[in-house]
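The values are calculated or read from the model by the stated rules, or taken from the named source; none is laboratory data. These figures come from a predicted structure and were not determined experimentally. Cβ placement follows ideal geometry from the backbone for every residue including glycine, while neighbour counts extend to all protein chains displayed.
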Amino acid sequence: MSDTTASPPTQKPLARLLQSRIAPILVVILPIILALFLIGGTNSLGIWLGATATGLSLALVGVGVYITFRILDFPDLTIDGTYPLGAAFAAIMIINGYSPWLTLPAAFVMGGLFGAITAVIATKFKIHSLLASIIVATGLVSINLRLMGRANIPLLNEATIFSPFAPGFREFVVARFGDEAARHANNLLTILLVGVIIILCKLAFDRFTRTEIGMAMRATGDNRKMIRALGRNPDYFLIMGVAISNAMVGLAGAIVAQFQGFADVNMGLGLIISGLAAVIVGETLLPPTSVQRATLSAIIGMVMYRIAIAAALSLRFTLPGGQTFRVEATDVKLATALLVLIVLWLTNVRKKRGGR
């Protein structure tokens, strides 16, 4: 009788790919690679710079979602209201003659205020966080309309945080790279200026999380009973954390309003999905091992998400019948939802199968 040992069944290449860590990364990178192949990297420079500028302008949304969903374990939809609230305050202040730079702290404070209201409703009135945030976000629709007086406020002819630097920077770009580069000057300026703001906010938050209060806030999300056993009130740290999250989102709204040149009452619709996409994509590309690395991954995730969306919108395919198929701007929300769904599914597959 011969001694035989059963060998483990070999996995098919597709199964191994789905269980590998590279699978969710490919979902994000594939549209970018296809766009580079089909439309060319040089000819589409404006697309990539515009997507990067938009991603940086929205980066604090990713950080805010990371705070509530990952640190505090507090699902929060308030950002759908505090984002247009920040944009509304920026637009109102600018058209009334205030300095555009003053709109940033104003939007930060107002976003934090309504974030705190959501947390108070959840902790003091014992209402589930999702329901509490939906209540506040719904109320903010009317508040934003009341503040703005109408659904949309254009800022195209108003001074913004970019206005003092725009002429000189444009001349510098033309002198350095030629007249062809002049059309990219606005996006380059946005990347530089907003990039500085994002870095300062990230460093400030990272430093805060290393303080005693910041570490207590982080511990509240992990184990509220432990915080209570140590003689601290976890509700206080929860309210503070949700306020900081929405303050960052409000600040992002003020930045985006000045970058895009308008504030709209509906600009926060479905923003939570974009924030989740940024967190998930960022954690896939740069696995967080600390809060400092996690905030960086959220920022990178938002930029990569916006680039992937811009790439998908640039793709055109000829169908067998001769018709051309392309992803329309109206399909962005659907594309985002599918992106988040696929990346989450692939990540769960890898975890369940023990993939690396």
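Quick look at the values:
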read-out: Pairs with Cβ under 7 Å, 6+ apart, first in segment 115-139 and modelled with pLDDT under 95, second acidic (Asp, Glu) and crowded, with 21+ Cβ neighbours inside 10 Å; value: SER129/ASP76
read-out: In segment 311-333, the residues that are surrounded by 18 or more Cβ atoms within 10 Å (Cβ to Cβ) and without any contact (Cβ under 8 Å) to a residue 60 or more places away in the chain; value: LEU313, VAL327
read-out: Matching residues, segment 291-302, being in contact with a Ser or Thr (Cβ under 9 Å, 6 or more places away or on another chain) and free of Cβ contacts under 8 Å to residues at least 12 places away in the same chain; value: none
read-out: Test set (1) surrounded by 24 or more Cβ atoms within 10 Å (Cβ to Cβ); (2) modelled with pLDDT under 90; (3) of a type outside the set (Gly, Ala, Ser) - ASN246 fails condition number; value: (2)
read-out: Matching entry among SER297, SER274 (being touching a Gly at 6+ places or on another chain (Cβ under 7 Å), assigned to a helix (DSSP H, G or I) and surrounded by 13 or more Cβ atoms within 10 Å (Cβ to Cβ)); value: SER297
read-out: Test result for VAL279, buried (at least 24 other Cβ atoms within 10 Å of the Cβ) and more than 18 Å from TRP48 (Cβ to Cβ); value: yes
read-out: Test result for ASP80, in contact (Cβ under 8 Å) with a residue 40 or more places away in the chain and at positive phi; value: no
read-out: Qualifying positions in segment 228-237 - surrounded by 16 or more Cβ atoms within 10 Å (Cβ to Cβ) and without any contact (Cβ under 8 Å) to a residue 24 or more places away in the chain; value: ARG232, PRO234, TYR236
read-out: Verdict on LYS225 being of a type in the set (D, E, K, R), on the phi < 0 side of the Ramachandran plot and surrounded by 14 or more Cβ atoms within 10 Å (Cβ to Cβ); value: no
read-out: Test: residue in segment 169-176 that is part of a helix (DSSP H, G or I), under 22 Å from PRO105 (Cα atoms) and free of Cβ contacts under 8 Å to residues at least 40 places away in the same chain; value: no
read-out: Boolean, ILE143 is in a loop (DSSP other than H, G, I, E, B), of a type in the set (Val, Ile, Thr) and either surrounded by 13 or more Cβ atoms within 10 Å (Cβ to Cβ) or without any contact (Cβ under 8 Å) to a residue 12 or more places away in the chain (or both); value: no
read-out: Single unsatisfied condition, THR289 versus (1) modelled with pLDDT of 80 or more; (2) under 16 Å from the mean Cα position of the chain (by Cα); (3) of a type in the set (Ser, Thr, Tyr); value: (2)
read-out: For ASN266: the one exception among (1) crowded, with 16+ Cβ neighbours inside 10 Å; (2) touching a residue at least 40 places away in the same chain (Cβ under 8 Å); (3) under 27 Å from ILE143 (Cα atoms); value: (1)
read-out: Residue within segment 303-310 that is free of Cβ contacts under 8 Å to residues at least 12 places away in the same chain, assigned to a helix (DSSP H, G or I) and more than 26 Å from ILE153 (Cβ to Cβ) present; value: no
read-out: Matching residues in segment 225-248 - criterion: being of a type in the set (A, V, I, L, M, F, W, C) and outside any helix (DSSP H, G or I); value: LEU230
